[in-house]
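Data block below; observations after.
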Amino acid sequence: MKISLTDTGSGIAQKFAQAIGATVKGRFIYIPEGKGGGYLTGFAWGKDLRMMIRNYYLKEDVHIERTNELAEGQEDVVFMLRGILPVQHQPAQALLPEQANLFICRHAVSSVMTMPRDTTFGSVTIAVSRQRLNSMFGHIEHPVVASVLQAGNNLVFETGISAEIVNTAGEMLLRTVPETMESYYYKLKCEELLCFIFAILMQRDAVPTGAMHINDIKAIYAIKAQLQQQLDQPPNIAALAKEAGMSEPKLRKLFKQTFGKGVFEYYQSVRMLKAAQLLREKHLSVSEVGYQLGFTNLSHFARVFEQHHGIKPKKYSVC
């Protein structure tokens, strides 16, 4: 299913609900049974702080082309925390978890969102004005924090999430509070999540940032998807740059600016996350995992795994 939506500044939840025939009850939007299961919900505290919670799965692929047409002077920054919520629906078929990460962009960035079927989406999205962000975090002297607070038109960052974020999200979702206190409680949790987000940003290496055209953003994310799909093949920077229609130096610069890691460093980190999953969840042997991920030398695989996880793969598989 392809959906084209225009956001004039208040988000796309209601328009998304209308497009898929969702049921709206109070602050909850329920996914229709024929399309999947679960819900969306959210809160707004004035015009400078909003939060949306997505906790659902879909029975078909959904591609959303989102165009933002914001009012003059609207300078929101969007923080999307993906894959952080505990699963609350258990359909008969097995579901894949959404990849956990933190995505940051200016609200002005139009985008294409792809939501594959049979995947659980458990995310929290926070939209906050630059003025409010500066009042909360403007005292922090850190180049990455400064780049987010200054938030150029095409600001795009992506990084990992922390255990504190997952814990806060779980508390927010599973703890019951009286309806009259919900808005206050969720606002506190929203601000708590923002604090943990900026704690992550303060750990990120400073990388010079520059403006990114929307086509550059799409190209960089296409490269990211390709790296994730070909974990047994080391990235060929020259081929990737040619495919993206940009020079190798530009590709390296924009990739590191977006993800905080170089292309090969990112590829290796995703490779090792996959290795951990295959060992722990699929119960494959160390040699099976190593060969499946393209390693011809298992001693080298063991060293790389230990560098990323602090433990040898054989011990990790039996922990």
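The values are calculated or read from the model by the stated rules, or taken from the named source; none is laboratory data. Just so it is clear, the model here is predicted, and its values are computed rather than measured. Using ideal geometry, Cβ is built from the backbone for each residue, glycine included, and neighbour counts are taken over all protein chains shown.
Quick check on segment 162-185: of everything there that is under 22 Å from F259 (Cα atoms) and either of a type outside the set (A, V, I, L, M) or buried (at least 19 other Cβ atoms within 10 Å of the Cβ) (or both), which residue is farthest from the chain's Cα centre (by Cα)? Per the stated criteria, the residue is E164.
Out of F264, F295, F259, F255, one residue alone is surrounded by 16 or more Cβ atoms within 10 Å (Cβ to Cβ), outside the structural domain of L95 (by TED's automatic domain parsing), over 30 Å from D76 (Cβ atoms) and aromatic (F, W, Y). It is F295. Within segment 196-221, being surrounded by fewer than 16 Cβ atoms within 10 Å (Cβ to Cβ), modelled with pLDDT under 85 and part of a helix (DSSP H, G or I) holds for I214, N215, K218. Of the residues making up segment 128-177, those that are part of a loop (DSSP other than H, G, I, E, B) and in contact with a Phe, Trp or Tyr (Cβ under 9 Å, 6 or more places away or on another chain) are I140, H142, I161, S162, R175, V177.
For segment 295-307, a residue qualifies if it is more than 17 Å from K282 (Cβ to Cβ) and in a loop (DSSP other than H, G, I, E, B), and the qualifying residues are T296, N297.
Within this structure, K261 passes the test of being closer than 16 Å to F157 by Cβ and under 16 Å from the mean Cα position of the chain (by Cα).
One residue alone among L193, L284 is among the aliphatic types (A, V, I, L, M) and in a helix (DSSP H, G or I), and that residue is L193. The residues of segment 45-64 that are assigned to a strand (DSSP E or B) and surrounded by 16 or more Cβ atoms within 10 Å (Cβ to Cβ), listed by number, are L49, R50, M51, M52, I53, R54, N55, Y56, Y57, L58, V62, I64. Taking the residues in segment 146-161 that are of a type outside the set (A, V, I, L, M, F, W, C) and more than 18 Å from the chain's Cα centre (by Cα) as candidates, determine which candidate is farthest from V263 (Cα to Cα). Checked segment 146-161; the qualifying residue farthest from V263 (Cα to Cα) is Q150.
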